[in-house]
1. Evaluate region 253-271: report whether one residue or more is of a type outside the set (A, V, I, L, M) and over 22 Å from GLY464 (Cα atoms).
2. Considering only helices (runs of 4 or more DSSP H) fully contained in region 397-474, which possess at least 3 residues that are in contact with a Phe, Trp or Tyr (Cβ under 9 Å, 6 or more places away or on another chain) and at pLDDT 95 or above?
3. Kindly establish whether PHE43 is under 20 Å from PRO158 (Cβ atoms) and without any contact (Cβ under 8 Å) to a residue 60 or more places away in the chain.
4. Here are some residues: LEU367, LEU319, LEU388. Which one is closer than 26 Å to GLY254 by Cα and without any contact (Cβ under 8 Å) to a residue 60 or more places away in the chain?
5. Go through region 336-356 and give me each residue that's outside any loop (DSSP other than H, G, I, E, B) and either open to solvent by 50 Å² or more (accessible area, probe 1.4 Å) or touching a residue at least 40 places away in the same chain (Cβ under 8 Å) (or both).
6. Scanning region 209-255 for residues that are of a type in the set (Gly, Ala, Ser) and touching a helix residue (DSSP H, G or I) at 6+ places or on another chain (Cβ under 9 Å), which turns out farthest from ASP398 (Cα to Cα)?
7. Any residue at all in region 335-351 that's at pLDDT below 95, under 30 Å from GLN2 (Cα atoms) and in contact with a Pro (Cβ under 9 Å, 6 or more places away or on another chain)?
8. In the list ILE102, ILE117, which residue meets the criterion of being β-branched (Val, Ile, Thr), open to solvent by less than 40 Å² (accessible area, probe 1.4 Å) and either in contact with a strand residue (DSSP E or B) (Cβ under 9 Å, 6 or more places away or on another chain) or modelled with pLDDT under 95 (or both)?
Amino acid sequence: MQVELYDSHSSRQLDRIYCQTKAPASLLMMRAASAVFEKLQGFDAGGKIWCLAGAGNNGGDAYGVAVLALLKQRAVCLIPCGIAIDPIHPVIAFSKELGLNIQSDLPDLKQISPGDIIIDGLLGIGLNRPPEGDIKTAINWVNQARKNGAHVIAIDVPSGLNASSGLAPGAAITADITMMCLTQKQGCYTGSGPDYCGELYFDNLGCEAPETHVEPTSYLIRQSGLPTLKRAPSGHKGTHGNVLVLGGWNGMEGAGALAGLAALKTGAGKVYVCGPDFAQRPLELIGVEKSLAPFSQTACNMDAIVAGPGLGAEADAFLNVVWELDIPLVLDADGLHWLARTRPKPRSAPWIATPHPGEARGLLGTLPEDRFAAIQDLKGRYGGQWVLKGAGTLTGPDPIYINPFANSALGTAGSGDVLAGILGALLAQGCAAPERTAVWLHSKAASLLIEEGHARITAGDLIGQLGRAVDALS
């Protein structure tokens with residue numbers, strides 16, 4: 001079962017359709033408030049609840065949380081910020097009828113005690129420019145209160161974070177918990193989203209199968225949606241695919257070796273490497289002379305080629321050869337620099353590119369702040385399939401998948417070389433979904449290390465866990 005994600009526009013569409021056909025807006029607000037209030041009780045140490053309400057539906061949800069807190073005889077205060085919600089709105093009118101404590105100004109931070117709970121209902125998915133004025137002041141107030149020991153729960157997305165792109169163009173709230181309501185917001189999983197959202201939770205507010213009403217804009221990478229890597233007991237090195245790594249030149253031998261070993265650990269039958277011509281080359285890798293004729297002859301007999309890890313800028317002739325071959329190709333690192341520099345004619349055989357943000361900027365001339373726009377633009381200019389690395393890695397497009405993994409432990413030299421090798425092995429074995437399967441395996445290996453208590457890891461550590469990661473899909 002796929003996990004559908006939505007941007008701001010499609011979330012609004014679904015909200016409108018659902019309110020017209022299934023549930024009135026006030027009922028939806030109270031369902032959202034109930035979901036938030038349930039999570040709030042996980043922090044419950046008897047502290048006061050401060051609900052900050054903006055002008056939109058998000059603000060109405062905050063009023064709903066305050067009402068539920070009042071009914072439970074909790075100390076609660078509602079603070080409207082920015083443009084006030086329509087006072088005749090049913091939820092607002094009901095809260096006033098109950099005698100909810102509403103104050104017009106943010107309290108002095110000295111009034112906020114450790115253990116108090118702040119509900120962020122300021123902007124939600126309504127961000128369309130950097131926060132300013134009263135809203136910006138409120139965002140800064142919340143962040144300081146959190147530093148002083150308060151807990152923060154954001155409704156839908158932390159205020160200041162773009163629900164579509166994962167971009168925070170200005171001040172943004174750092175939450176302990178973000179409760180996504182009705183739809184799961186794609187911006188919470190990528191870009192700056194993981195820095196601001198804290199723990200992510202979701203409540204569909206009773207809306208089952210939202211994709212029947214509005215088409216999702218992206219999907220989460222999940223183990224259950226990946227193809228199996230189980231192999232026949234009679235399989236052998238000749239049936240599991242041959243991979244050639246073009247990389248590890250001129251002082252960067254380790255990059256080629258890492259990619260090659262990662263390909264072997266992901267199940268490739270044989271791995272050749274044209275690059276690391278040194279005594280420490282791993283014994284499992286088959287060396288190929290760094291000369292165009294023998295390289296070309298070997299390349300023609302491969303099931304997949306990985307080109308670029310630690311390659312340098314002196315391999316244009318070799319890259320021209322692999323680009324012309326009718327063999328699946330992974331372009332990484334210096335292979336991407338070659339692509340940006342030469343702009344070769346479109347390739348007919350399948351190929352996958354794996355840029356980090358800096359490499360994507362080189363390919364596009366400038367990097368769109370919206371990662372979703374960037375991956376679409378890369379595909380439009382160059383063709384192929386793309387893995388846009390970073391926190392919440394994107395694969396695609398058409399469709400776009402997001403990896404729900406963000407941990408700086410993967411930000412280590414050689415980590416990208418390992419990912420390229422994984423991709424090469426999956427292509428050689430005919431994997432039906434190589435991009436998102438490779439990203440999942442890469443993250444799974446890191447997760448296994450983190451679970452064992454490794455706060456910092458090396459690329460070699462990742463390779464050591466790939467067998468266990470592959471077993472999970474076998």
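1. Among the residues of region 253-271, not one is of a type outside the set (A, V, I, L, M) and over 22 Å from GLY464 (Cα atoms), which makes the answer no.
2. 434-451
3. no
4. LEU388
5. At the first step, the residues of region 336-356 found to be outside any loop (DSSP other than H, G, I, E, B) are 336-342, 351-353.
Those that are outside any loop (DSSP other than H, G, I, E, B) and either open to solvent by 50 Å² or more (accessible area, probe 1.4 Å) or touching a residue at least 40 places away in the same chain (Cβ under 8 Å) (or both): HIS337, LEU339, ARG341, THR342, ILE352.
6. Pass one, region 209-255, residues of a type in the set (Gly, Ala, Ser): 209, 218, 224-225, 232, 234-235, 238, 241, 247-248, 251, 254-255.
Going one step further and asking which of them are touching a helix residue (DSSP H, G or I) at 6+ places or on another chain (Cβ under 9 Å), we end up with 218, 225, 241, 247-248, 254-255.
Values: SER218: 9, GLY225: 16, GLY241: 27, GLY247: 30, GLY248: 33, GLY254: 34, ALA255: 31 Å.
Result: GLY254.
7. no
8. Numbers: ILE102 fails: open to solvent by less than 40 Å² (accessible area, probe 1.4 Å).
Within the list ILE102, ILE117, the selection yields ILE117.
The values are calculated or read from the model by the stated rules, or taken from the named source; none is laboratory data. Bear in mind that the values here come from a model prediction, so they are computed numbers and not experimental data. Cβ coordinates were reconstructed from backbone atoms using ideal geometry, including for glycine residues, and neighbour counts include every protein chain displayed. Surface areas here come from the heavy atoms of the whole protein model, side chains and all, with no ligands, DNA or RNA. Shrake-Rupley method; radii C 1.70, N 1.55, O 1.52, S 1.80 Å.
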